[in-house]
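Please read the structure below before turning to the comments.
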Amino acid sequence: MFKMKNNFICPRCKGYLNVGESIVLAADTEHKDAGLILLSPELGNYTIKTNSFFQIREGEKYDFFCPICQQKLATDIHDNLSRILMVDDNSNHFEILFSKIAGEKSTYKIIGESLEVYGDHNSNYIDFLGLSNLK
């Protein structure tokens, strides 16, 4: 059976966002389509699950919200990035930034001045992170 090593947390309310083998977020679009989205907890795995009536459209921008406190999971770094927190099994805390654009595979794991990048499109926002010398 799959055992999750990491916990994902809302940066606002500190509520746990992961259940079973998924990170659970609320999402909506500028067209006001809304629903829950299940993301893989494995950084770099872009598998998602949604209700069949809440369809993810390639290239469309989605806003993500905490399903607990309903606060937007935004970051000041770039309007196309969302932010959650991750705590690993050694109690290390990381900031996780990921793209709001469907199909854009850009994820960043940050702790202090250390950066890990994931996804085919990770160079899209690297200059905005202020850590561009780390790759």
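The values are calculated or read from the model by the stated rules, or taken from the named source; none is laboratory data. Since the model is a prediction, treat every value here as computed from it, not as a measurement. Ideal geometry is used to build each Cβ from the backbone, glycine not excepted, and the neighbour counts take in all protein chains shown.
Residues checked against (1) closer than 22 Å to E116 by Cα; (2) crowded, with 17+ Cβ neighbours inside 10 Å:
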position	(1), (2)
F8	yes, yes
V19	no, no
D33	no, no
N45	yes, no
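Need the failing condition index for N18 against (1) out of contact with any helix residue (DSSP H, G or I) (no Cβ under 8 Å at 6 or more places or on another chain); (2) of a type outside the set (S, T, Y); (3) modelled with pLDDT under 95, just the number.
(3)
Does any residue of region 52-69 turn out to be surrounded by fewer than 17 Cβ atoms within 10 Å (Cβ to Cβ), of a type outside the set (K, R), under 25 Å from D127 (Cβ atoms) and in contact with a Phe, Trp or Tyr (Cβ under 9 Å, 6 or more places away or on another chain)?
no
Determine whether G59 is at pLDDT below 95, within 24 Å of L36 (Cβ to Cβ) and more than 15 Å from the chain's Cα centre (by Cα). I'd like the intermediate steps shown before the answer.
Numbers: at pLDDT below 95: yes; within 24 Å of L36 (Cβ to Cβ): yes; more than 15 Å from the chain's Cα centre (by Cα): yes.
Yes: the conditions hold for G59.
Report yes if R12 is assigned to a strand (DSSP E or B) and closer than 26 Å to I126 by Cβ, otherwise no. Write out each step before concluding.
Values: assigned to a strand (DSSP E or B): no; closer than 26 Å to I126 by Cβ: yes.
Answer is no for this residue.
From the list I96, I37, which one is within 16 Å of K5 (Cα to Cα), buried (at least 19 other Cβ atoms within 10 Å of the Cβ) and at pLDDT 95 or above?
Working: I37 fails: within 16 Å of K5 (Cα to Cα).
On inspection, the qualifying residue turns out to be I96.
Can you tell me which of (1) in contact (Cβ under 8 Å) with a residue 24 or more places away in the chain; (2) among the acidic types (D, E); (3) surrounded by fewer than 17 Cβ atoms within 10 Å (Cβ to Cβ) is the one E104 doesn't meet?
Among (1) in contact (Cβ under 8 Å) with a residue 24 or more places away in the chain; (2) among the acidic types (D, E); (3) surrounded by fewer than 17 Cβ atoms within 10 Å (Cβ to Cβ), the lone unmet condition for E104 is (3).
So is I101 within 15 Å of the chain's Cα centre (by Cα) and over 18 Å from V19 (Cα atoms) or not? I'd like the intermediate steps shown before the answer.
Values: within 15 Å of the chain's Cα centre (by Cα): yes; over 18 Å from V19 (Cα atoms): yes.
Yes.
Name the single residue that is modelled with the lowest pLDDT among those in region 73-92 being exposed (fewer than 13 other Cβ atoms within 10 Å of the Cβ) and within 15 Å of the chain's Cα centre (by Cα).
D76
State yes or no: is L129 touching a strand residue (DSSP E or B) at 6+ places or on another chain (Cβ under 9 Å), surrounded by 13 or more Cβ atoms within 10 Å (Cβ to Cβ) and within 14 Å of F8 (Cβ to Cβ)?
Numbers: touching a strand residue (DSSP E or B) at 6+ places or on another chain (Cβ under 9 Å): yes; surrounded by 13 or more Cβ atoms within 10 Å (Cβ to Cβ): yes; within 14 Å of F8 (Cβ to Cβ): no.
Taking the combined requirement at face value, the residue does not satisfy it.
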